[in-house]
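A.B. asks: Before we start, here is the structure in question, set down as structure tokens.
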Amino acid sequence: GAVVSQHPSWVICKSGTSVKIECRSLDFQATTMFWYRQFPKQSLMLMATSNEGSKATYEQGVEKDKFLINHASLTLSTLTVTSAHPEDSSFYICSAQVHTEAFFGQGTRLTVV
Amino acid sequence: AQSVSQHNHHVILSEAASLELGCNYSYGGTVNLFWYVQYPGQHLQLLLKYFSGDPLVKGIKGFEAEFIKSKFSFNLRKPSVQWSDTAEYFCAVTLNAGGTSYGKLTFGQGTILTVHP
């Protein structure tokens, strides 16, 4: 199956700083990628759809100025958490769709202290 | 908005026991249904999916699921679990709208399955 790689796997940052998470499709091109967030003991929630060469589409309630998404190439989408606060601490997962199946990255554990 | 509910947060079984994980969804339109599994330290992987046709679908590793439209359910089953099935299982739904809709998943809360040898 298709491989999606996410980096870093975990990151700790200070409150007020920004953190960038990368999502790469390793063996295929992905015009569309998806970003999810998972709080402890809760389900994955779709945050946004990342479109290569155009603006991301954000789900209702997700602050687009807070979670900046850039999809500059067919193999890379990035999520930048700007001015991070402790409440942004979470598990972030990206995915890419190949035909009718979604392939997921391994996720990034973000802890804001 | 669509939603997915998984009945059990944590299921503990002994090897060779039968497994059934419940999943109900809330949406009035046509949906695609999925079960994903996440083994410790690994990516989410697709176990099986249902788009249309035979409501009993078979997936990898001996898993199967049955779509019961009248009950809005898509329960996952395995007749005899193994220690290696220890993982977290997620039920998910997308709208049957083609295009990139297959990637826009609504997930259930997940069920942790622990299988004792």
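The values are calculated or read from the model by the stated rules, or taken from the named source; none is laboratory data. Nothing here was measured: the structure is a model prediction, and the numbers come from that model. Cβ placement follows ideal geometry from the backbone for every residue including glycine, while neighbour counts extend to all protein chains displayed.
A.B. asks: Give the residue, chosen from A:Ser43, A:Ser54, A:Ser77, that is modelled with pLDDT of 95 or more and of a type in the set (S, T, N, Q). Reasoning before the result, please.
C.D. replies: Values: A:Ser43 fails: modelled with pLDDT of 95 or more; A:Ser54 fails: modelled with pLDDT of 95 or more.
That would be A:Ser77, the only listed residue that is modelled with pLDDT of 95 or more and of a type in the set (S, T, N, Q).
A.B. asks: Scan segment A:79-102 residue by residue and report those that are closer than 18 Å to A:Asn51 by Cβ and over 16 Å from the mean Cα position of the chain (by Cα).
C.D. replies: Those that are closer than 18 Å to A:Asn51 by Cβ and over 16 Å from the mean Cα position of the chain (by Cα): A:Val98, A:His99.
A.B. asks: Could you please tell me which pairs satisfy a Cβ distance under 6 Å, a separation of 6+ or placement on different chains, a first residue in segment A:1-25 that is more than 26 Å from A:Glu101 (Cβ to Cβ), and a second residue that is polar (S, T, N, Q)?
C.D. replies: From segment A:1-25, the pairs are A:Ile12/A:Thr111; A:Gly16/A:Ser83; A:Ser18/A:Thr80; A:Ser18/A:Thr82; A:Lys20/A:Thr78; A:Lys20/A:Thr80.
A.B. asks: Which one is nearest to the other protein chains (Cβ to nearest Cβ), of the residues in segment A:81-113 that are part of a loop (DSSP other than H, G, I, E, B) and out of contact with any strand residue (DSSP E or B) (no Cβ under 7 Å at 6 or more places or on another chain)? First the steps, then the outcome.
C.D. replies: Restricting attention to segment A:81-113, the residues satisfying the condition of being part of a loop (DSSP other than H, G, I, E, B) are A:82-85, A:89, A:99-100, A:105-107, A:113.
Narrowing further to those that are out of contact with any strand residue (DSSP E or B) (no Cβ under 7 Å at 6 or more places or on another chain): A:83, A:99-100.
Values: A:Ser83: 27, A:His99: 8, A:Thr100: 5 Å.
Ranking the qualifying residues of segment A:81-113, first place goes to A:Thr100.
A.B. asks: From the list A:Ala56, A:Ala48, A:Ala72, which residue is in contact with an Asp or Glu (Cβ under 9 Å, 6 or more places away or on another chain) and either charged (D, E, K, R) or farther than 22 Å from B:Gly108 by Cα (or both)?
C.D. replies: Numbers: A:Ala56 fails: in contact with an Asp or Glu (Cβ under 9 Å, 6 or more places away or on another chain); A:Ala48 fails: either charged (D, E, K, R) or farther than 22 Å from B:Gly108 by Cα (or both).
Only one candidate passes the filter, namely A:Ala72.
A.B. asks: Among the residues of segment B:50-60, are any within 11 Å of another protein chain (Cβ to nearest Cβ), surrounded by 17 or more Cβ atoms within 10 Å (Cβ to Cβ), in contact with a strand residue (DSSP E or B) (Cβ under 8 Å, 6 or more places away or on another chain) and not aromatic (Phe, Trp, Tyr)?
C.D. replies: no
A.B. asks: Which strands (runs of 3 or more DSSP E) sit wholly inside segment B:1-67 and have at least 1 residues that are in contact (Cβ under 8 Å) with a residue 40 or more places away in the chain, closer than 17 Å to B:Leu113 by Cα and not acidic (Asp, Glu)? Talk me through it step by step, then tell me what you get.
C.D. replies: Details: elements: B:3-6, B:10-14, B:19-21, B:23-26, B:31-38, B:44-50, B:56-58.
Result: B:3-6, B:10-14, B:19-21, B:23-26, B:31-38, B:44-50.
A.B. asks: Residue check, A:Ala84 against (1) surrounded by 21 or more Cβ atoms within 10 Å (Cβ to Cβ); (2) modelled with pLDDT of 95 or more; (3) closer than 24 Å to B:Ala92 by Cβ, all met but one. Which one?
C.D. replies: Of the numbered conditions (1) surrounded by 21 or more Cβ atoms within 10 Å (Cβ to Cβ); (2) modelled with pLDDT of 95 or more; (3) closer than 24 Å to B:Ala92 by Cβ, the odd one out for A:Ala84 is (3).
A.B. asks: While we're looking at this one, here's another question. For segment B:67-100, what are the residues that are more than 15 Å from B:Leu33 (Cα to Cα) and of a type in the set (D, E, K, R)?
C.D. replies: B:Lys78, B:Asp85, B:Glu88
A.B. asks: Of the residues A:Gln60, A:Gln38, A:Gln29, A:Gln42, which single one is over 14 Å from the mean Cα position of the chain (by Cα), within 12 Å of chain B (Cβ to nearest Cβ) and either in contact (Cβ under 8 Å) with a residue 24 or more places away in the chain or surrounded by fewer than 12 Cβ atoms within 10 Å (Cβ to Cβ) (or both)? Break it down stepwise before answering.
C.D. replies: Values: A:Gln38 fails: over 14 Å from the mean Cα position of the chain (by Cα); A:Gln29 fails: within 12 Å of chain B (Cβ to nearest Cβ); A:Gln42 fails: either in contact (Cβ under 8 Å) with a residue 24 or more places away in the chain or surrounded by fewer than 12 Cβ atoms within 10 Å (Cβ to Cβ) (or both).
So the residue among A:Gln60, A:Gln38, A:Gln29, A:Gln42 that is over 14 Å from the mean Cα position of the chain (by Cα), within 12 Å of chain B (Cβ to nearest Cβ) and either in contact (Cβ under 8 Å) with a residue 24 or more places away in the chain or surrounded by fewer than 12 Cβ atoms within 10 Å (Cβ to Cβ) (or both) is A:Gln60.
Yes or no, residue by residue, for (1) of a type in the set (D, E, K, R); (2) more than 14 Å from chain A (Cβ to nearest Cβ):
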{"residue": "B:Trp35", "(1), (2)": "no, no"}
{"residue": "B:Lys69", "(1), (2)": "yes, yes"}
{"residue": "B:Val81", "(1), (2)": "no, yes"}
{"residue": "B:Thr86", "(1), (2)": "no, yes"}
{"residue": "B:Gly98", "(1), (2)": "no, no"}
{"residue": "B:Lys104", "(1), (2)": "yes, no"}
{"residue": "B:Thr111", "(1), (2)": "no, no"}
